[in-house]
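Novice: The following block contains the structure, expressed as structure tokens.
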Amino acid sequence: MKKLNLYLALLLMIFLANCGGSNESETEYEKLLQKSDTLEKRNSNLAEALDTVRQSHGQLTQQLESMSDVDTAWLEKLAKHEVVLKNQQVTLEKNRDIFKNHKEFSNKRDQVTKEEFQAQISEMKQGHSEISNELDQIKSQQQMISDEHKSIKEELMNRQEDNQSSM
């Protein structure tokens, strides 16, 4: 009888340990979903900012290409900017797909095994860190490009003023 009680107690402890871990996993997963939502909003905001920067970039490129005596260093900068902007577009779209996958998994999480659930949690943790770093980098790059556009525009205006003054 003592062995049976000991055996039942052991089974009960194992059962409770598994249930407790599941609740912890659920709580952790819910926090990860909230973090995912926050990152998705940042991603969306940066995608909108990218559209604005690309529009400004296009206008400045057209303006410089229409000039007869353009500084080739400016054109080289703009060419580099174009590559950066295209890479940002790819990254933001990749992130959008990741967030979509998070939502799809959330809709079917009742149908997955505990191992699949834990794997999703691990993947989300790692992915969130990478996405956050990428978004920080994109924001920094967009600011740098905007600053360089502003600098080029100011130099253009100064040149035009100098040309008008010398006439």
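The values are calculated or read from the model by the stated rules, or taken from the named source; none is laboratory data. Predicted model, so just to flag it, every value in this text is computed and none were measured. In this analysis, Cβ positions are derived from the backbone assuming ideal geometry, glycine residues included, and neighbour counts consider all displayed protein chains.
Novice: Could you grab me the full set of residues in the range 105-147 that are under 27 Å from TRP74 (Cβ atoms) and surrounded by fewer than 17 Cβ atoms within 10 Å (Cβ to Cβ)?
Specialist: Within the range 105-147, GLN137, LYS139, SER140, GLN143, MET144, SER146, ASP147 meet the criteria.
Novice: Another question about this same structure. List the residue pairs whose Cβ atoms are under 8 Å apart, where the first residue sits in the range 123-137 and is assigned to a helix (DSSP H, G or I) and modelled with pLDDT of 95 or more, the second is of a type in the set (Val, Ile, Thr) and surrounded by 14 or more Cβ atoms within 10 Å (Cβ to Cβ), and the two are 6 or more positions apart or on different chains.
Specialist: Short answer, once both residue conditions are applied: ILE131/ILE98; GLU134/THR91.
Novice: May I pose another question? Here are some residues: ALA47, ALA79. Which one is more than 13 Å from ILE145 (Cα to Cα), out of contact with any His (no Cβ under 7 Å at 6 or more places or on another chain) and of a type in the set (Gly, Ala, Ser)?
Specialist: Answer to the check: ALA47.
Novice: In this structure, does GLN120 turn out to be of a type outside the set (Ser, Thr, Tyr) and in contact with a Phe, Trp or Tyr (Cβ under 6 Å, 6 or more places away or on another chain)?
Specialist: When the stated conditions are applied, GLN120 passes them.
Novice: Considering only residues of the range 11-66 that are among the small types (Gly, Ala, Ser), surrounded by fewer than 11 Cβ atoms within 10 Å (Cβ to Cβ) and assigned to a helix (DSSP H, G or I), which is modelled with the highest pLDDT?
Specialist: ALA17
Novice: Restricting attention to the range 138-167, which residues are at pLDDT 90 or above and among the polar types (S, T, N, Q)?
Specialist: Passing the criteria: SER140, GLN141, GLN142, GLN143, SER146, SER151.
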